[in-house]
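S.K.: Pasting a structure below so you can have a look.
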Amino acid sequence: MRGVEQGPQSRLPEGGVNLFQSIKTVSVEAEARGVELIRLSIGQPKGPALESARNAAADAIRSINESMHEYQDNGSPGVPDFARRFIQAQVDVSLTQEGIDFLPIPGIKPMLGLIPLACGAAERALNIATTTKPGYPTPRDWGAYLRQNVYEVPLNSENKFRFSTSNLPGGDLIMMNYPHNPTGQIATREWLEELCEFCEKHEIRLFNDAAYAALSHNPESSTLTEVAIRFSGLSWAEAFSASKLIGNGTGWRIGAMVGSADFIGDIKTIKGNTDSGFAAPLAAGALFAVENDKEGIEANRKVYERRLKLLIEILAGNRMQLAVEPKAGFFSSWKTPRKAFNEPMQSAEEFNFLMIERTGIVGVHFEPYIRYAVTSDIEASADKIDKAFKKAEVSYD
């Protein structure tokens, strides 16, 4: 008797369950049992985009100008000079120098796989350093899909989640994310100067995902752009996004890159052959807000700063230990307790799932840390959050 024949199978290498899907599964199961969830896991702003952005986008989409409705490709005919203007509104240096170039992009995430390809990943295996442990995993994942040699630089409480050039073994490309997700750590001018000098000397291309740059709460925060333009021999690029800048613009998929002409030129080549550009009316809305509604953007930033202070006060008051003080964005990262509910904790995942099941507090575990976000109304949930962590009785002994 013939066995049961199997149909076509996946041709991808086996991988683990998606982190956020596993958290969602545990959360849904807890909710089904009657547990009231407090979702401190959500990594996007609540509500809509700023009204100023929405109104400008609405006006643009009603336009009869053909350029507003056509493929934008590597340019922005519907919104002239978008990339330079969008980035100039977010940095403190003039972007008129020779040797730099700009590129409009449909958000940062879809572009991250193009960065290694623009460095020659199709021809050979590159040595790529990433800030993904803990961190936003997409650069690491793209490196794995492209069969590159990925080195996750050491990031921890001891180095305050800013890696040292002494930890870099050389290589071809650094893909970093500052301000950093999930810790909220910033890049300072002094740290970036040392990194740029190192990369220029060793001919390493340097890329930064600056999605949270405009949400910095500390005056020492610097973008790569503000430093890299002074290193004429450096090959670099930095990406900016409207996703969190204009309130909740996560679904708009609007952003821009700036960098040395050689690196941006290579990215343009790959992008031009694989992508048709962003939606011009949404770009018009995002640009209007960035250039004309700084009060709205600043108001959102202040909300996150205030909520972070409140969350830290509550959790620290219940003996939770910060991994590092967040200085940007709406994330906070915490060391995983050794004990909770009078039980030993073996991992951040175990602690997170137990908190969900027994208290309804939903976080995101980035072993050995756990991330809590403040995109929701922390003030309204403050008492419940406090009671949940009192119930957990965490300990690091």
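S.K.: Can you give me the relative contact order of the chain as a percent, contacts being Cα pairs under 8 Å and 6 or more apart?
M.R.: 24 percent
S.K.: Give me the 1.4 Å probe accessible area per residue for region 230-320, excluding ligands and nucleic acids, in Å².
M.R.: Values: 3410 Å² over 91 residues.
Value for region 230-320: 37 Å² per residue.
S.K.: If you don't mind, there's one more thing I want to ask. For region 104-202, what relative contact order do you get, as a whole percent, if you take Cα pairs closer than 8 Å and at least 6 residues apart? Display every interim value, and only then the final one.
M.R.: Numbers: 115 pairs, mean separation 26.5, N = 99.
Relative contact order, region 104-202: 27 percent.
S.K.: Further question: Relative to the compact globular guide of 2.2 N^0.38 Å, what is the alpha carbon radius of gyration of the chain, as a ratio?
M.R.: That works out to 1.03 for the chain.
S.K.: Check cross-link reach from K133 to the aspartates and glutamates: straight Cα distance under 13 Å, and skip same-chain residues fewer than eight apart.
M.R.: Reachable aspartates and glutamates: D141, E152, E367.
S.K.: So who's got an amide H within less than 5 Å of the one on V150, skipping anything under 5 residues away but keeping other chains? H placed 1.01 Å off N, in plane.
M.R.: I128
S.K.: State which helices in the chain qualify, where a helix is a whole DSSP H run, it must extend 30 Å or more along its own axis by its Cα atoms, and its mean Kyte-Doolittle hydropathy must be at least -1.0.
M.R.: Values: long enough: 294-316 (33 Å, -0.34).
Result, helices passing both filters: 294-316.
S.K.: Right, next: Where in region 202-223 does the label zone of E123 land, with the point 7 angstrom along Cα→C-beta and an amide N cut-off under 17 Å?
M.R.: Under 17 Å, as judged by backbone N against the label point of E123, lie 203-205 of region 202-223.
S.K.: Under a straight-distance cross-link criterion of Cα-Cα below 12 Å, which aspartates and glutamates are reachable from K339, leaving out those fewer than 8 residues away in the same chain?
M.R.: E350, E393, D397
S.K.: Hey, another quick one. Obtain the nm distance between the two label points defined at D141 and K387 by a simple spin-label model: each point lies 7 Å from its Cα along the Cα-to-C-beta direction.
M.R.: 3.6 nm
S.K.: Given a 1.4 angstrom probe, what's the average accessible area per residue across region 326-397, in square angstrom?
M.R.: Values: 2790 Å² over 72 residues.
Each residue of region 326-397 exposes 39 Å² on average to a 1.4 Å probe.
S.K.: Search the structure for amide H atoms under 5 Å from the amide H of L40, placed 1.01 Å from N in the peptide plane, and list their residues when 5 or more places away or on another chain.
M.R.: V362
S.K.: Given a cut-off of 24 Å, name the pairs among K24/K109; K24/K335; K46/K327; K244/K390; K46/K390; K335/K390 whose C-alpha atoms lie farther apart than that in the structure shown.
M.R.: Working: K24/K109 21 Å; K24/K335 22 Å; K46/K327 20 Å; K244/K390 32 Å; K46/K390 27 Å; K335/K390 17 Å.
K244/K390; K46/K390, as the Cα separations exceed 24 Å there.
S.K.: Rounded to the nearest 500, what is the chain's calculated 222 nm mean residue ellipticity when only DSSP H runs of at least 4 contribute -39500 (n - 2.57) each, over all residues?
M.R.: Values: 12 runs with 141 residues, N = 397.
My calculation for the chain gives -11000 deg cm²/dmol from helical runs alone.
S.K.: Could I ask something else about it? Heavy atoms of the protein only, probe of 1.4 Å, neighbouring chains included. What is the accessible area of M68 in Å², nearest 10?
M.R.: 20 Å²
The values are calculated or read from the model by the stated rules, or taken from the named source; none is laboratory data. From a predicted model like this one, the values you see are computed outputs, not experimental measurements. All Cβ positions, even for glycine, are placed from backbone atoms using ideal geometry, and neighbour counts span all protein chains on display. Surface accessibility is based on the protein's heavy atoms, side chains included, excluding ligands, DNA and RNA. Shrake-Rupley method; radii C 1.70, N 1.55, O 1.52, S 1.80 Å.
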